[in-house]
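Inspection log for the structure reproduced underneath, given as structure tokens.
The values are calculated or read from the model by the stated rules, or taken from the named source; none is laboratory data. All values reported here derive from a predicted model rather than from experimental measurement. Positions of Cβ are backbone-derived with ideal geometry, glycine not excepted, and every protein chain shown enters the neighbour counts.
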Amino acid sequence: QKPGLELAVVSVPSYACQRHTPLLHHNITLTDALSILAENAELGENEGRGVAFRRAAALLKSLPQEVRGAEQLRGLPCLGEHSLRVIKEVLEDGVSLEVETTTHSEQFKAMKALTGIFGVGAKTADRWFREGIHTPSDLQRSGHTLNRAQRAGLQYYDELNLPVTKSEAVAIGQIVERAVHAVLPGAEITLIGGFRRGKQTGHDVDFLITHPDEGREEGLMPKVVSWLEAQGFLLYQKTTGNSYLESKEGPARPASNMDRFERCFSIFRLNPHTHSDSPHPLPQTLVVVAVRVDLVVSPYSQFAFALLGWTGSKLFERELRRWAVHEKAMTLSSHALYDRKRYLRASSEEEIFAHLGLEYIPPCDRNA
Ligand code: DCP
Ligand code: MG
């Protein structure tokens, strides 16, 4: 028997939300290659193609060992023809021509650089690229009128493109906690997003805020923002109020995957020197001064759904919703779970997995 042939007989479930996907896995070279193609498809607004590459990469991340030959992939789900071709090429030649061509293409590089500006999406970046704008400096020189988010994105471009470290996330968590407790004692603050899944770095820091007395959380964000602004912690912020509807039967089923919580997109300023006299001095090693921070406020009754919806990964979330619809005829959002017309209550993530008929997957294994 060839080494590793056992992989082919191991049965791997096809939805990422049925699998344990740890942060560290055995097939980085392959998943890096597929991620480039996924990113390129997303930047070209080809969502379906992007998801196909992401699913293939997620499958490889969940395998218990390194794939050394294509014969080991027989019988595994989620590997489309295109992904398989790329995987085989990388296994045989160490690189994939398509991946290399993509990485070096002027368009891919420009689209990455431009969408790397906070406030700039693929559509806008593509329009600028067609006008010959390839870099943030080109954009600066172009004299284009930018919105407030994009101006901030350009101003803090370098800082915002440095990864945020776990210790910076913790330091920001302390500031957020002081702000929230100053305006609403008893509120609970939870680190969500990639850091909750155990990542050591992130592109931003995400927090979910709630209060055990339902209703006390209403209108919280503007007060938190005022406190943070008064203390000089905010370089930029945009707050949007909540827009969910509630009835006796529970939160309304959302019309789209976008959630409707009160939310603040912000850029925090971390300056160890100006705040060294605070009760929670920041580590002196901090070098990043501008950090993207997302704050989300949820009513207590929706907290478990918000927590599950905001822990990610993005593909894991997508797979949960796909499982709910296609396998259980349910609809899942960051606000609620519905079995057809019936609202299913949950006060923990464990309960939501149970409602969905899924084994509980802890946050550290949702890195699909
Ligand atoms: N999310 C969501 N709806 C949105 C935005 C995000 O449900 N409109 C979810 C999916 C993400 C999580 O929230 O996994 C956090 O989003 P991020 O973009 O911050 O992604 P991560 O925190 O997972 O990764 P990163 O390290 O890049 O911040
Ligand atoms: Mg994040």
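Going through 235, 295 one at a time, which residue ends up being touching a Cys at 6+ places or on another chain (Cβ under 9 Å), at pLDDT 90 or above and part of a strand (DSSP E or B)?
On the way: 235 fails: touching a Cys at 6+ places or on another chain (Cβ under 9 Å).
Of 235, 295, the one residue that is touching a Cys at 6+ places or on another chain (Cβ under 9 Å), at pLDDT 90 or above and part of a strand (DSSP E or B) is 295.
Mind listing whichever residues of the stretch 303-344 are touching a residue at least 40 places away in the same chain (Cβ under 8 Å) and hydrophobic (A, V, I, L, M, F, W, C)?
303, 304, 305, 306, 307, 308, 310, 315, 316, 320, 323, 336, listed by residue number.
Which is crowded, with 19+ Cβ neighbours inside 10 Å, under 20 Å from the mean Cα position of the chain (by Cα), within 23 Å of residue 240 (Cα to Cα) and modelled with pLDDT of 95 or more, of 116, 153? Walk me through it before giving the result.
Numbers: 116 fails: crowded, with 19+ Cβ neighbours inside 10 Å.
153 is the lone residue from the list that is crowded, with 19+ Cβ neighbours inside 10 Å, under 20 Å from the mean Cα position of the chain (by Cα), within 23 Å of residue 240 (Cα to Cα) and modelled with pLDDT of 95 or more.
Touching an Asp or Glu at 6+ places or on another chain (Cβ under 7 Å), under 23 Å from residue 363 (Cβ atoms) and charged (D, E, K, R): is that true of residue 206 in this structure? It would help to see each step written out before you state the result.
On the way: touching an Asp or Glu at 6+ places or on another chain (Cβ under 7 Å): yes; under 23 Å from residue 363 (Cβ atoms): yes; charged (D, E, K, R): yes.
Criteria met by residue 206.
Report yes if some residue within the stretch 207-224 is more than 16 Å from ligand 1 (Cβ to nearest atom), without any contact (Cβ under 8 Å) to a residue 60 or more places away in the chain and small (Gly, Ala, Ser); otherwise report no.
yes
Is it the case, given these coordinates, that residue 368 is in a loop (DSSP other than H, G, I, E, B) and not polar (S, T, N, Q)? Steps first, answer last, please.
Working: in a loop (DSSP other than H, G, I, E, B): yes; not polar (S, T, N, Q): yes.
Considered against the rule, which asks whether it is in a loop (DSSP other than H, G, I, E, B) and not polar (S, T, N, Q), residue 368 comes out as yes.
Residues checked against (1) away from ligand 2 (no atom under 16 Å from the Cβ); (2) crowded, with 21+ Cβ neighbours inside 10 Å; (3) more than 15 Å from residue 180 (Cα to Cα); (4) not polar (S, T, N, Q):
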{"site": "202", "(1), (2), (3), (4)": "no, no, yes, yes"}
{"site": "206", "(1), (2), (3), (4)": "no, yes, no, yes"}
{"site": "211", "(1), (2), (3), (4)": "yes, yes, no, yes"}
{"site": "216", "(1), (2), (3), (4)": "yes, no, no, yes"}
{"site": "219", "(1), (2), (3), (4)": "yes, no, no, yes"}
{"site": "227", "(1), (2), (3), (4)": "yes, no, no, yes"}
{"site": "235", "(1), (2), (3), (4)": "yes, no, yes, yes"}
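Working carefully through the options 334, 347, find the one that is out of contact with any strand residue (DSSP E or B) (no Cβ under 7 Å at 6 or more places or on another chain) and closer than 20 Å to residue 258 by Cα.
On the way: 347 fails: closer than 20 Å to residue 258 by Cα.
Only one candidate passes the filter, namely 334.
What is the one condition in (1) touching an Asp or Glu at 6+ places or on another chain (Cβ under 7 Å); (2) more than 16 Å from ligand 2 (Cβ to nearest atom); (3) closer than 30 Å to residue 269 by Cβ that residue 303 does not satisfy?
The single condition residue 303 does not satisfy is (1).
Determine, yes or no, whether residue 158 is closer than 30 Å to residue 105 by Cα, within 16 Å of ligand 1 (Cβ to nearest atom) and at pLDDT 95 or above.
So residue 158 fails the test.
Taking the residues in the stretch 334-359 that are under 26 Å from residue 297 (Cβ atoms) and in a loop (DSSP other than H, G, I, E, B) as candidates, determine which candidate is nearest to the chain's Cα centre (by Cα).
334
Under the condition of being closer than 25 Å to residue 119 by Cβ and of a type in the set (Gly, Ala, Ser), which residue from the stretch 186-200 is farthest from ligand 2 (Cβ to nearest atom)?
That would be 194.
Can you pull out the helices (runs of 4 or more DSSP H) entirely within the stretch 101-190 that have at least 1 residues that are over 21 Å from residue 271 (Cα atoms)? Let's see the steps before the verdict.
Details: elements: 106-115, 122-130, 136-142, 148-155, 157-160, 166-183.
By residue number, 106-115, 122-130, 136-142, 148-155, 166-183.
Being in contact with an Asp or Glu (Cβ under 8 Å, 6 or more places away or on another chain), in contact (Cβ under 8 Å) with a residue 24 or more places away in the chain and within 13 Å of ligand 1 (Cβ to nearest atom) is the filter here; which residues of the stretch 161-193 pass it?
164, 192, 193
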